[in-house]
Amino acid sequence: MVVTNAALTRFLLHRLLNHWQAEWHYVLSHFGIRRFTHLPTFVSIEPANFCNLHCPECPVGNPTLLTGNRRQKQLMSMALYQSVIEQIKPFVHTLQFYFQGEPTLHPSLPEMISMAHQEGIYTIVSTNAQLLTRELCERLMLSGLSRIIVSIDGISEESYRSYRQGGSLQRALAGLRSLHDAKQQQKAHTHIEWQCLRLKTNEHEWRQIQQQYRLLGADSLIFKTAQLYDYEHGHLLMPSDLRYSRYQPTDGHFALYRPWWKTGFCHRLFTGAVIDTDGNVLPCCFDKAGQYTFGNIQDKTIRQIWFSEQANAFRRAVFTNRESVPICLNCTE
């Protein structure tokens with residue numbers, strides 16, 4: 001799909017100015033100057049709030065991890081999505097199609113991406129690759145998708161299924177290959193990224209993954225530390241080499257490691273927002289139970305919600321004492 005120069009430049013200046021403001025306001029916050037006269041520069045939406053896998057450290061795959069996290073299975077309606085696009089297109093440069101559920105479960109995902117692409121918005125999808133048929137991969141490439149993250153945590157069935165429970169490594173690799181083939185056939189520019197969690201169960205395969213990811217169809221490889229919930233006394237999924245864990249031993253127990261320059265500050269607070277399948281606007285992807293809803297986009301505009309008292313109250317709480325905000329306690333941002 002070709003995007004015209006008009007689509008790319010229509011809101012370019014506005015988006016650049018908004019991005020510059022957001023970054024400048026973040027810098028100023030380090031000096032005690034807190035301003036929010038800008039709007040979010042990127043938004044994550046949730047096409048589906050349910051998943052086809054049962055990953056043990058995911059609140060969707062394992063609902064017992066968080067209280068108040070049980071939601072009725074739901075897809076984002078196209079009417080709601082169209083409203084989101086119309087509201088955010090003047091100032092948002094990136095749209096992420098993931099929050100908690102598996103986005104490829106939404107039958108109209110390629111059409112959703114295409115709508116954003118036609119407005120010159122950079123689009124990203126993150127998937128477990130279990131549903132990436134040849135037909136879907138072709139539709140994704142034709143949609144103008146900018147980047148797709150394929151989560152594959154291992155290169156043997158044993159290591160893969162130890163975390164991606166209910167999934168199949170061979171199905172994930174077949175999906176990755178289908179993406180690669182569709183990209184070549186359509187002469188698409190979509191970047192295919194393999195993302196692998198660093199886990200105890202797959203640490204013996206990291207080097208092999210590094211050696212083979214391009215041969216298996218990916219353009220790049222990202223290793224990511226795993227978010228765990230019950231980590232205070234260690235965890236079976238923690239890598240042997242704790243340099244690759246976000247939790248470090250401190251005074252006889254494990255604690256989240258956050259660099260000193262991030263203590264009390266949050267870049268994402270200034271730049272992003274999440275919109276779930278119901279239209280609730282949340283501060284970030286760590287608010288998995290929707291505890292800090294700023295408002296609902298079906299009742300108010302994103303501009304009204306971003307500058308609402310609920311949003312400002314949350315920001316004040318983070319600025320005053322970030323450690324007192326529960327969703328911040330497991331965040332390395």
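The values are calculated or read from the model by the stated rules, or taken from the named source; none is laboratory data. The structure displayed is predicted, hence computed values, not measured ones. Don't worry about glycine lacking a Cβ; one is built from the backbone with ideal geometry, like all the others, and counts go over all protein chains shown. Side chains are part of the model used for accessible areas, which takes the heavy atoms of the whole protein and leaves out ligands, DNA and RNA. Shrake-Rupley method; radii C 1.70, N 1.55, O 1.52, S 1.80 Å.
Some points to look at:
- Conditions (1) open to solvent by less than 70 Å² (accessible area, probe 1.4 Å); (2) without any contact (Cβ under 8 Å) to a residue 60 or more places away in the chain; (3) of a type in the set (A, V, I, L, M); number of the one not met by Leu228: (2)
- Region 274-333 - residue that is polar (S, T, N, Q) and assigned to a helix (DSSP H, G or I) and, of those, least open to solvent (accessible area, probe 1.4 Å): Asn312
- Enumeration of residues in region 100-120 that are open to solvent by 30 Å² or more (accessible area, probe 1.4 Å) and part of a loop (DSSP other than H, G, I, E, B): Pro107, Ser108, Glu119
- Flag if Leu75 is of a type in the set (A, V, I, L, M, F, W, C) and touching a His at 6+ places or on another chain (Cβ under 9 Å): yes
- Whichever residue in region 165-188 is hydrophobic (A, V, I, L, M, F, W, C) and assigned to a helix (DSSP H, G or I) and, among such residues, is nearest to Ile155 (Cα to Cα): Leu169
- Extreme residue, modelled with the lowest pLDDT, among residues of region 17-48 that are part of a helix (DSSP H, G or I) and among the polar types (S, T, N, Q): Ser29
- Top-ranked residue in region 131-161 [being under 18 Å from the mean Cα position of the chain (by Cα) and not aliphatic (A, V, I, L, M); ranked as nearest to Ala174 (Cα to Cα)]: Ser151
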